[in-house]
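First comes the structure, then the notes that go with it.
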Amino acid sequence: MSDLLIHSMSEFSNLILPCLDQVKARDIVEIGSEFGGMSKVLADLAAKQGGMLTCIDPEPAKGFAEWAAGEDHVRHIPHPSLEAIKVCSAVDAWFVDGDHNYYTVYHELTAIDAIQRGAGQPLLAFLHDVSWPCARRDFYYAPDRVPPSWRHPHSFDHGVRLGEDGVHAGRGLRGMGAFAVALEAGGPCNGVLTAVEDFLKEADSEERPLFYVHVPAVLGLGVIFDAEASWSAALADFLLPYHANPLIARLEENRLRNYLEVIDFQDRSVPV
């Protein structure tokens with residue numbers, strides 16, 4: 001994406017860090033480091049608390065692995081998330097910002113929940129890209145890692161636009177070869193938010209209720225946490241004003257529409 005569109009999870013630091021402070025987080029797992037923006041924020045926290053940040057990313061940005069190797073309180077696992085999670089233990093907080101598709105996110109959440117429950121520790125997970133464009137449409141950085149039965153028809157060359165379920169050849173928001181988009185939005189097993197909702201339907205129960213908060217800004221922040229954790233009431237009170245906030249959602253829609261207009265202008269300026 002162009003630098004014109006802010007899209008890093010680190011933009012939510014003023015919401016995330018108070019939450020981590022409330023739960024006294026020390027040990028954290030981050031799925032999807034990419035350029036390391038959020039990683040460095042979390043690494044600073046882990047260092048101050050005497051904990052450990054584990055970063056899971058098979059193909060991070062240039063220089064990330066070297067940075068992680070030079071930090072005593074950072075561990076980098078260079079494997080796909082669904083493999084790497086198997087060697088992780090329960091931690092205070094999880095960050096899910098890897099491959100933005102139903103199969104990956106649903107199985108990440110299921111595996112994370114099993115680890116936390118097995119250790120008798122509450123679940124706290126922060127997820128990015130729960131709003132448009134990934135909410136109801138799969139995006140694939142590595143389609144081959146998604147089993148064929150879970151993988152939607154997709155394209156590396158097509159783009160997406162707000163309010164449209166289809167795609168446009170060489171137009172709209174697109175990955176320019178960096179990622180593929182599902183050719184159709186909506187329907188079962190399609191998109192990050194759909195994965196979150198299906199996980200909650202199965203994991204949320206009277207015996208272990210879960211809260212979910214959705215902040216509709218910067219492509220969407222989702223927060224899942226145990227409703228009966230000692231810190232859950234404080235987190236809920238802090239996050240509630242941001243949950244499904246209609247003004248925030250309207251501002252997000254406006255900035256995305258403006259960004260898409262810029263993309264259209266650039267596309268029209270390129271000779272065919």
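The values are calculated or read from the model by the stated rules, or taken from the named source; none is laboratory data. This structure is a prediction, so every number in the text was calculated from the model and none was measured. As a convention, Cβ positions derive from the backbone with ideal geometry for all residues, glycine included, and neighbour counts pool all protein chains shown. Remember, those area values only see protein heavy atoms, side chains included, never the ligands or the DNA or RNA. Shrake-Rupley method; radii C 1.70, N 1.55, O 1.52, S 1.80 Å.
General remarks:
- Candidate set from segment 3-26 (those that are touching a residue at least 40 places away in the same chain (Cβ under 8 Å) and open to solvent by 50 Å² or more (accessible area, probe 1.4 Å)); member that is nearest to Ala234 (Cα to Cα): Gln22
- Residues in segment 201-212 that are more than 25 Å from Asn245 (Cα to Cα) and either in contact with a Gly (Cβ under 7 Å, 6 or more places away or on another chain) or part of a loop (DSSP other than H, G, I, E, B) (or both): Ser205, Glu206, Glu207, Arg208.
- Hits in segment 52-98 (condition: of a type in the set (Asp, Glu) and touching a Gly at 6+ places or on another chain (Cβ under 7 Å)): Asp57, Asp97
- In segment 178-201, the qualifying residues are those that are closer than 29 Å to Ser269 by Cβ and under 20 Å from the mean Cα position of the chain (by Cα), and the one that is modelled with the lowest pLDDT is Ala178.
- Answer residue from segment 85-96, given it is surrounded by fewer than 21 Cβ atoms within 10 Å (Cβ to Cβ) and in contact (Cβ under 8 Å) with a residue 12 or more places away in the chain and is farthest from Pro122 (Cα to Cα) among those: Lys86
- Segment 135-169: number of residues that are touching a residue at least 12 places away in the same chain (Cβ under 8 Å), farther than 17 Å from Pro188 by Cα and assigned to a strand (DSSP E or B): 5
- Residues of segment 180-200 that turn out to be in contact (Cβ under 8 Å) with a residue 60 or more places away in the chain and assigned to a loop (DSSP other than H, G, I, E, B), as a count: 3
- Evaluation of Glu34 against (1) open to solvent by 30 Å² or more (accessible area, probe 1.4 Å); (2) closer than 26 Å to Trp231 by Cβ; (3) under 13 Å from the mean Cα position of the chain (by Cα) (one fails), failing number: (2)
- Criterion violated by Ala169 - all others in (1) closer than 14 Å to Cys134 by Cα; (2) in contact with an Asp or Glu (Cβ under 8 Å, 6 or more places away or on another chain); (3) surrounded by fewer than 20 Cβ atoms within 10 Å (Cβ to Cβ) satisfied: (1)
- Test: residue in segment 75-89 that is on the phi > 0 side of the Ramachandran plot and either at pLDDT below 95 or of a type in the set (A, V, I, L, M, F, W, C) (or both): no
- Lone unmet requirement of (1) open to solvent by less than 40 Å² (accessible area, probe 1.4 Å); (2) within 20 Å of the chain's Cα centre (by Cα); (3) of a type in the set (Ser, Thr, Tyr) for Ser232: (2)
- Picking from residues in segment 133-150 that are open to solvent by 70 Å² or more (accessible area, probe 1.4 Å) and within 21 Å of the chain's Cα centre (by Cα), the one that is nearest to Leu183 (Cα to Cα) is Arg136.
- Odd one out for Phe64 among (1) hydrophobic (A, V, I, L, M, F, W, C); (2) in contact with a helix residue (DSSP H, G or I) (Cβ under 9 Å, 6 or more places away or on another chain); (3) open to solvent by 20 Å² or more (accessible area, probe 1.4 Å): (3)
- Residues of segment 103-128 classified as open to solvent by 10 Å² or more (accessible area, probe 1.4 Å) and either in contact with a strand residue (DSSP E or B) (Cβ under 7 Å, 6 or more places away or on another chain) or under 22 Å from Leu162 (Cα atoms) (or both), total: 1
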